[in-house]
Structures are given as structure tokens and as C-alpha cells.
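Written below as C-alpha cells is the structure these notes are about.
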Amino acid sequence: MDPTRVDLSALPVVEIELSRLSSVCSPRTSGEDPDHVETLLSAEWELPPILVHRPTMRVVDGLHRLRAAQVRGDTKIQARFIDGTESDAFVLAVEANIRHGLPLSLADRKRAAVQIIGTHPQWSDRRVASATGISAGTVADLRKRGGESGNEARIGRDGRIRPVDSSERRRLAADLIRNDPGLSLRQVAKQVGISPETVRDVRGRLERGESPTPNGSRRLRTRQHPLNLTEPDLGHALDRERLAVLERLKADPTLRLSEVGRILLRMLTMHSIDGQEWERILQGVPPHLYGVVAGFARDHARVWAGFADHLENRATDLAAGVIA
């Protein structure tokens, strides 16, 4: 089983006795949040099924829902079963919880990344980052601190195997781009054996007059792209739980009652649109402006990625008592 490619919504829903379930698989080290349990108890809508690892009967996602059912005195709960190894189940638990109404803390996500690096050492930094909700650069740092020597090749988010050191392929891509600027990202990527996103990075470096390789540092750019124009993934619906988190942010007086907070909320709301709206915007860009708009989009993505990195670093410093 590839835990990053499981369509959880397609799994059948069954009813299972609470007494058969175990709750020792959670990546949430702080345990249950009583306030969140209380929120679930007062919810007027039907709660989604929990996720259970069939071989061990451990709850992969839904510990708060399980606790709410216990408090209500229920004897059964709706669930979806997953199979596979315990390490794959842990990856699914992390992925589910970083997208949950009560997301994992940064510390929990980093601990989860360390565990996944240990159980899935062949995964690329970006793939681990995608599963844990932290930046690829942070994963690279955690991998380095763990003393991992690094495999010759790793498996990326798309399932393709790529060499860790792609410097020579980057240089080949740069030569192709210089000789034929009209080649698409896909065409260059296919010819030299790297990802379209790496080709995009090489092209950007050439446009800025930089070297096509990150000068020995694989952390020069650790961007995250919610919208991949090379391989569009625009048909997904916006996660309802993420929308619920946004609504709670809007109600938070520390944001709602400050000018900076209102600006942030407007920016977050602006980008919280579903796949159909992204598709409509994509189709509405005039062909003669593709390059210009793509440039702005890349610049904005870098700004958001830097913003996210700063927030994560501040959260880490705060947890360590660095920030007063």
C-alpha cells in the first residue's frame, strides 16, 4: 500500500464496536483536547467516520470522535478500514491529522517526519514534507541531524525514482533551455530525467542570471505549490474541515479586531477557493499573458513559502523559550 495515494473517501463505511479499538497509534503527543471533544459533542452535523488500521485495530484518525462517542455512551461508531503495515498506517495518521479540524502542532509534525524518515528512508524530502505539513528544507535538516547518509536515489511525491544529486541533470536542462527556449517544462524534464518543478527552478535561475545548480545547497528553494500548472490538480474540492478552521480564525478576536489580522484573514480567504474556481481562473488567463502571470504566481508562492517558514521558525523558538 502506498499511504500517500490512498483515496480514503472511497473506502466503505462500516459500524464497529468501540471496545475493539485501540488508540495508541496517534502522532498527537499532547493527547486529547477536552475543548475539541466538547465541540464535537455539541455538533449538530453527523461526524465523519474514523479511520482504523484493520490488522491492529488502532485508530489512525478520529481519536476525538472516538472519545466523544464514549462520553455519549455509544457502543458502536462508524469507521473506514485501511490495511498495510503499521508504518504506512502512521503516515496516514499524520496526513489525516495535519488536515484535521484540530491540526497537529509543529513539534508533533517534526517528530512525525523523523519517524517517517526512519521507516521510509527512500522517500524524498518533498514527499515526507507533503505527508507531514512542514517544508522540504526542514525535512532535509531533520534527515541531516539524524545522520542519514542518504540513498543514491529517492522516491518523489509522484512515485518516480530520482537521484539525490541532480546537479548534472540540472546543467543538461539549462543547456536545453538555452538552446531551445520554446521547450515546455515537461519536454525538458522528460529528456534529462528530472521533475518539471526542478526544470521550473532551473529556468527561473537562468532568468535571474544565476547558476542552474543551488551551489551545493539543496535548500536554496523550499517552495510549496498548492497549484501545479504543469500537472494540474484543480478538480479537488476544498477540504470542509480546513474551511471550518478558517471560519474559526475569522471569529478569533485577536485577528478580527486588529488591522493586520483582518488583512491576513482577507488573504487567507482569497486563496481558500475550490478546484472549480481555480480552473475557471486558469482558463480565464489570456494566452499572451501566460508567462507574466506565471511569473507573478511563482513570486507569490515564494513569498508564502517564506512566510510559512518564518512562522514555523517562530513557533519553534517560542516552544524553546527564545521569544519572550
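Restricting attention to segment 41-50, which residues are open to solvent by 10 Å² or more (accessible area, probe 1.4 Å) and in contact with a helix residue (DSSP H, G or I) (Cβ under 9 Å, 6 or more places away or on another chain)? Reasoning before the result, please.
As a first pass, look at segment 41-50 and keep what is open to solvent by 10 Å² or more (accessible area, probe 1.4 Å): 41-49.
Selection gives Leu41, Ala43, Leu47, Pro48, Pro49.
Hey, can you tell me all the residues within segment 72-87 that are basic (Lys, Arg) and at pLDDT below 90? Break it down stepwise before answering.
First, pick out the residues of segment 72-87 that are basic (Lys, Arg): 72, 76, 80.
Hits for segment 72-87 are Arg72, Arg80.
Could we say that Ala244 is hydrophobic (A, V, I, L, M, F, W, C) and either modelled with pLDDT of 80 or more or within 25 Å of Ala112 (Cβ to Cβ) (or both) here? Even if it seems obvious, please write down each step before you answer.
On the way: hydrophobic (A, V, I, L, M, F, W, C): yes; either modelled with pLDDT of 80 or more or within 25 Å of Ala112 (Cβ to Cβ) (or both): yes.
Judged against the criteria, Ala244 is a match.
Within segment 193-215, can you find the residues that are open to solvent by less than 30 Å² (accessible area, probe 1.4 Å), within 11 Å of Ala174 (Cα to Cα) and not in a helix (DSSP H, G or I)?
Pro212, Thr213 - these are the residues of segment 193-215 that are open to solvent by less than 30 Å² (accessible area, probe 1.4 Å), within 11 Å of Ala174 (Cα to Cα) and not in a helix (DSSP H, G or I).
Within segment 120-145, how many residues turn out to be among the acidic types (Asp, Glu) and buried (at least 22 other Cβ atoms within 10 Å of the Cβ)? Walk me through it before giving the result.
Start the filter on segment 120-145 by keeping residues that are among the acidic types (Asp, Glu), which leaves 125, 141.
Filter once more, so that each one left must be buried (at least 22 other Cβ atoms within 10 Å of the Cβ): 125.
Going through segment 120-145 one residue at a time, the tally reaches 1.
Can you tell me which residue is nearest to Ala297 (Cα to Cα) among those in segment 267-286 that are without any contact (Cβ under 8 Å) to a residue 24 or more places away in the chain and open to solvent by less than 70 Å² (accessible area, probe 1.4 Å)?
Result: Val285.
Every residue, every condition in (1) at pLDDT below 80; (2) of a type outside the set (D, E, K, R), yes or no:
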{"position": "Asp7", "(1), (2)": "yes, no"}
{"position": "Pro12", "(1), (2)": "no, yes"}
{"position": "Glu15", "(1), (2)": "no, no"}
{"position": "Arg20", "(1), (2)": "no, no"}
{"position": "Cys25", "(1), (2)": "yes, yes"}
{"position": "Thr29", "(1), (2)": "yes, yes"}
{"position": "Asp33", "(1), (2)": "yes, no"}
{"position": "Leu40", "(1), (2)": "no, yes"}
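Out of Ala69, Ala112, report the one residue that is open to solvent by less than 40 Å² (accessible area, probe 1.4 Å), of a type outside the set (S, T, N, Q) and more than 21 Å from Ala315 (Cβ to Cβ). Step through it out loud before you land on a result.
On the way: Ala112 fails: more than 21 Å from Ala315 (Cβ to Cβ).
The conditions single out Ala69.
The values are calculated or read from the model by the stated rules, or taken from the named source; none is laboratory data. All values derive from a computational prediction rather than experimental measurement. Note: ideal-geometry Cβ built from the backbone for every residue, glycine included; neighbour counts use all protein chains shown. Just so you know, the surface numbers come from the protein's heavy atoms only, side chains and all, with ligands and any DNA or RNA stripped out. Shrake-Rupley method; radii C 1.70, N 1.55, O 1.52, S 1.80 Å.
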